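Novice: I'd like to ask some things about the structure below.
Each value in this text was obtained by applying a stated rule to the coordinates, not by laboratory testing. Model, not experiment: these values are computed from the prediction. Note: ideal-geometry Cβ built from the backbone for every residue, glycine included; neighbour counts use all protein chains shown.
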Amino acid sequence: MWTSFQGALAVAVAIAVPWLVHRAWRRLDLSRAKHPSLAGHAKLSRRLAALLPYYGYDERQFFVCDGAPPDVATLRRAGFERLCAELGSRAPASIGFSDALTHGLSDVQFTEAYRVPFQFRNYMREHLRLASVFDESRGVELRDLDRRWAYDVSGSYGVNLFGYDFYKDCIAAGANRVGALGPVLGPFHPVVRDNVERLKKLSGHDEVSFHMSGTEAVMQVVRLAQFHTRRSHIVLFCGAYHGWWDGVQPGLGNRRRIDDVYTLADMSARSLHVLETRRDIASVLVNPLQALHPNAPAPQDSTLVDGARRARFDRAAYSQWLTQLRDVCTRRNIVLIFDEVFMGFRLGRGGAQEYFGVRADLVTYGKTLGGGLPVGVICGAHRFMKRYRDDRPSDACFARGTFNSHPYVMGAMNEFLRRLESDAAIAASYVGLDERWNARARLLNDRLAVEGLPVRVANLVSVWTVLYERPSRYNWMFQYYLRAEGLALSWVGTGRLIFSHNYTDKDFRAVAERFVAAAEAMNADGWWTAPAADNKAIRRAILREALTVRLGRRSAVPVSRPA
Ligand SMILES: Cc1ncc(COP(=O)(O)O)c(C=O)c1O
């Protein structure tokens with residue numbers, strides 16, 4: 001006969017087992033919805049990154065780390081010396097100034113360290129330093145301290161959408177508009193009201209809040225979603241960047257343990273299933289820029305160790321994906337957030353919502369919207385934007401910031417928004433946007449194909465990335481050849497070229513000429529001439545080198561110490 005204890009145990013087991021099975025099943029769903037790459041596994045990537053040792057190539061290895069024969073090494077060395085002469089001796093003032101700046105500015109030290117794969121870093125620093133200062137902009141060009149002009153394809157991190165002259169005008173006219181009040185904070189300048197009305201119209205949402213940067217707008221939008229849904233977790237998609245706040249950066253780059261983020265595979269039925277079945281998801285954050293390279297982090301040349309960079313934009317497929325996300329979020333009361341800090345206004349006046357034909361619950365903007373000054377903005381429905389509860393006075397969603405709604409930012413933004421609506425040149429730049437930029441990319445790709453050069457470009461309108469057809473250890477070197485041809489790239493090199501929409505066909509043809517000339521020079525200098533190897537073989541070789549160093553057998557790999 002069963003005792004009452006046994007009976008209670010049986011009941012507990014009968015309840016617990018299905019519950020445990022259910023939990024295990026949910027956990028499995030979650031694992032299956034992760035992208036198989038390291039970027040899809042935040043914790044694992046942190047652990048592995050901690051094991052990666054530094055090692056650098058010495059003088060000899062720098063030119064032959066792919067096993068190239070001596071004649072190719074000689075070719076490369078001669079090309080490298082020419083590059084050093086061209087980039088160095090033509091810009092002595094700019095390089096001297098940048099060097100001095102580097103010693104006191106940690107930001108520059110960081111970007112300098114991450115221009116190329118780390119094995120090449122020290123040698124490059126010793127022999128080929130770059131200038132990172134300009135003192136004038138004009139049209140689509142920038143001028144360095146040696147008075148040399150270069151075509152700007154860095155795009156000021158995406159801020160520069162309509163050309164630098166446009167933003168200079170916005171800042172000047174905006175300052176003029178609010179100058180009588182000056183930097184008074186707390187009370188608002190009346191121009192704020194016009195900004196709110198215009199943003200409501202553009203976004204299709206009924207409320208707006210102003211913040212100091214895109215990162216802060218994202219911090220607040222996540223907090224709002226958690227506050228209103230009373231749920232704990234947010235979903236990000238593999239590879240997507242949403243600013244540098246650690247709450248949306250669960251992988252490499254910060255050390256805080258983040259346990260309220262699910263990083264799921266982009267454009268995946270399994271991710272939809274997770275959204276459909278879990279009860280703890282407050283919001284889904286989408287960065288529409290990922291449409292160019294779903295599931296891959298922002299491409300940059302410091303990670304370009306082979307030729308495996310992939311990108312291709314498919315507007316129909318991405319629109320369909322966003323529609324599916326919209327549907328599941330609506331059904332499950334999950335807040336759908338479009339983070340348009342980067343892409344907002346680049347795809348059209350109504351941004352990604354209009355371009356892909358999908359409405360989000362909350363939208364963040366920033367960058368270009370500040371009219372050239374720093375800003376972050378949220379637009380959304382009142383029921384998501386409200387920061388307090390009528391029935392619980394101490395339960396609030398706190399968000400403040402000394403410089404929120406700064407009059408000068410509001411003034412420049414107002415100029416931006418007015419011109420966005422009324423400027424004929426801006427209206428014209430939106431007509432045939434896809435066709436124009438796709439045709440430009442095609443034109444360049446056709447030229448590269450005809451010349452037999454192993455480089456291509458992929459684009460999402462005016463945001464481009466460079467792809468490499470040769471699985472080479474030296475593809476990252478292309479950024480230096482482009483610079484030598486007078487193209488101003490950002491520190492991520494060929495990972496991202498950002499064009500402003502005031503690029504004329506003539507400007508673009510000049511850039512394309514220089515691009516092809518750079519590829520021809522790099523080809524002639526033998527960097528793409530190497531014993532046959534595929535991308536996997538290259539990665540295996542790098543892994544072997546790292547393991548050799550890690551296991552202390554340093555003599556097997558030429559090593560220089562970190563600078
Ligand atoms: C999609 C997205 N969200 C947020 C941010 C962060 O904006 P900010 O650099 O102004 O803080 C960025 C910056 O690049 C971004 O691209």
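Novice: With N set to the residue count of the range 456-553, report its C-alpha Rg divided by 2.2 N^0.38 Å to two decimal places.
Specialist: Normalised Cα radius of gyration, the range 456-553: 1.31.
Novice: In addition: Based on the Cβ-Cβ distance from ARG315 to SER394, what FRET efficiency comes out when R0 is 56 Å, to the nearest 0.05?
Specialist: The value I calculate is 0.75.
Novice: A further question follows. Using the Kirkwood formula over every pair of different C-alpha atoms, what hydrodynamic radius in Å results for the range 184-262?
Specialist: 14.9 Å
Novice: Going by Cα centres, the range 290-324 and the range 180-237 are how many Å apart?
Specialist: Here the answer is 28 Å between Cα centres.
Novice: With the cut-off at 1.5 for a/c, could you classify the range 110-247 from its C-alpha gyration tensor as rounded, prolate or oblate?
Specialist: Details: a/c = 2.62, a/b = 1.27, b/c = 2.06.
Oblate shape, in that a/c is at least 1.5 and b/c is the bigger or equal ratio.
Novice: Same structure, new question: Could you check the spin-label model distance between GLN6 and LEU38? Points 7 Å from the Cα along Cα→Cβ, value in nm.
Specialist: Placing both labels 7 Å beyond Cα along the Cβ direction yields 5.6 nm.
Novice: Now for a different question. Add +1 for every Lys or Arg and -1 for every Asp or Glu among the other residues with Cβ under 12 Å from the Cβ of SER37, and state the total.
Specialist: Taking every other residue near SER37 into account, the sum is +1.
Novice: Distance from a point 7 Å along Cα→Cβ of VAL431 to each backbone N in the range 148-167: keep the residues under 20 Å and list them by number.
Specialist: What the label zone holds, given the 20 Å backbone N cut-off, is 162-163.
Novice: Okay, next question. Can you order the peptides 142-155, 277-290, 436-449, 387-400 by their average number of other Cβ atoms within 10 Å per residue, highest first?
Specialist: Ranking the peptides 142-155, 277-290, 436-449, 387-400 by packing returns 277-290, 142-155, 436-449, 387-400.
Novice: For the range 1-71, what is the charge dipole size about the Cα centre, in debye to the nearest 20, if Lys and Arg each add +1 at the Cβ and Asp and Glu each add -1 at the Cβ?
Specialist: Dipole of the range 1-71, to the nearest 20 debye: 660 debye.
Novice: Okay, next question. Can you tally the net charge around ASN195? Count Lys and Arg as +1, Asp and Glu as -1, for every other residue whose Cβ sits under 14 Å from the Cβ of ASN195.
Specialist: Once positives and negatives cancel, what remains is +2.
Novice: For the chain, what are the DSSP H helices with axial Cα length of 15 Å or more and mean Kyte-Doolittle hydropathy of at least -1.0?
Specialist: Helices meeting the criterion: 4-32, 70-84, 92-104, 164-178, 191-203, 214-229, 315-332, 407-422, 433-450, 505-524, 535-550.
Novice: Please list the equivalent ellipsoid semi-axes of the range 227-272, computed as the square roots of five times the alpha-carbon gyration tensor eigenvalues, in descending order and whole angstrom.
Specialist: Ellipsoid semi-axes (Å, largest first): 18, 16, 9.
Novice: How long are the semi-axes of the equivalent ellipsoid of the range 324-461, defined as square roots of 5 times the Cα gyration tensor eigenvalues? Whole Å, largest first. Walk me through the numbers before you get to the answer.
Specialist: On the way: eigenvalues 265, 91, 39 Å².
Each semi-axis is the square root of five times an eigenvalue, giving 36, 21, 14 Å.
Novice: Compute the separation of the alpha-carbon centres of the range 353-384 and the range 136-159 and state it in Å as a whole number.
Specialist: Answer, in whole Å: 27.
Novice: For ARG138 and ALA16 in one chain, what is 0.36 nm times their gap in residues minus the Cα-Cα distance, to one decimal in nm?
Specialist: Value of the extension gain: 37.0 nm.
Novice: Of PHE118, TRP491, ALA8, whose Cα points farthest to the positive end of the dipole of the chain (charges on the beta-carbon: +1 Lys, Arg; -1 Asp, Glu; origin at the Cα centre)?
Specialist: ALA8
Novice: Pop a pseudo-label 7 angstrom from the Cα along the beta-carbon direction at both ARG230 and GLU276 and give the gap in nm to one decimal.
Specialist: 2.7 nm
Novice: Work out the FRET efficiency for ARG60 and ARG383 from their Cβ-Cβ distance, taking R0 = 60 Å, and round it to the nearest 0.05. Present the calculation step by step, with values, prior to reporting the outcome.
Specialist: Working: r = 65 Å, r/R0 = 1.09.
The computed FRET efficiency comes out at 0.40.
Novice: Which value, in debye to the nearest 20, gives the size of the charge dipole of the chain about its Cα centre, when Lys and Arg are +1 and Asp and Glu are -1 at the Cβ?
Specialist: Dipole of the chain, to the nearest 20 debye: 1840 debye.
Novice: When the distances between all Cα atoms of the chain are binned every 20 Å from zero, what whole-number percent does each bin get?
Specialist: 19, 50, 26, 4, 1
Novice: Still on this structure, I have one more. By its C-alpha gyration tensor, with a ≥ b ≥ c as the square roots of the eigenvalues, how is the range 413-516 shaped: rounded for a/c under 1.5, else prolate for a/b larger than b/c, else oblate?
Specialist: prolate
Novice: When only C-alpha pairs under 8 Å and at least 6 residues apart count, what is the relative contact order of the range 434-483, in percent? All intermediate terms of the calculation are to be shown ahead of the outcome.
Specialist: On the way: 39 pairs, mean separation 12.9, N = 50.
Averaging sequence separation for qualifying contacts and normalising by length gives 26 percent for the range 434-483.
Novice: Using the Cβ atoms and a cut-off under 15 Å, what net charge is assigned to the surroundings of ASP165, where Lys and Arg are +1 and Asp and Glu are -1? Don't jump to the answer; show the numbers that get you there.
Specialist: On the way: positive: ARG138, ARG143, LYS168, ARG419; negative: GLU136, GLU141, ASP152, ASP169, GLU415, ASP423, ASP507.
Every neighbour counted, the sum reads -3.
Novice: Please tell me the relative contact order of the range 343-481 in percent, rounded to the nearest whole number, where contacts are Cα pairs under 8 Å and at least six residues apart.
Specialist: 15 percent
Novice: Full-extension gain between LYS168 and ASP206, please, as 0.36 nm times their residue separation minus the C-alpha to C-alpha distance.
Specialist: Gain on extension, LYS168 to ASP206, equals 10.7 nm.
Novice: Taking the Cα centre of each part, how many Å lie between the range 443-490 and the range 495-537?
Specialist: 3 Å
Novice: OK, next. Want the number for ALA439 to ASN176: 0.36 nm per residue separation, take away the alpha-carbon distance, what's left?
Specialist: That pair, ALA439 and ASN176, stretches by 90.7 nm at full extension.
Novice: Compare the Cα positions of LEU336, LEU420, LEU44 along the charge dipole of the chain (+1 at Cβ of Lys, Arg; -1 at Cβ of Asp, Glu; about the Cα centre) and return the one farthest towards the positive end.
Specialist: LEU44
Novice: Using alpha-carbon pairs under 8 Å, 6+ residues apart, how would you state the relative contact order of the chain in percent?
Specialist: Normalised by residue count, the contact order of the chain is 23 percent.
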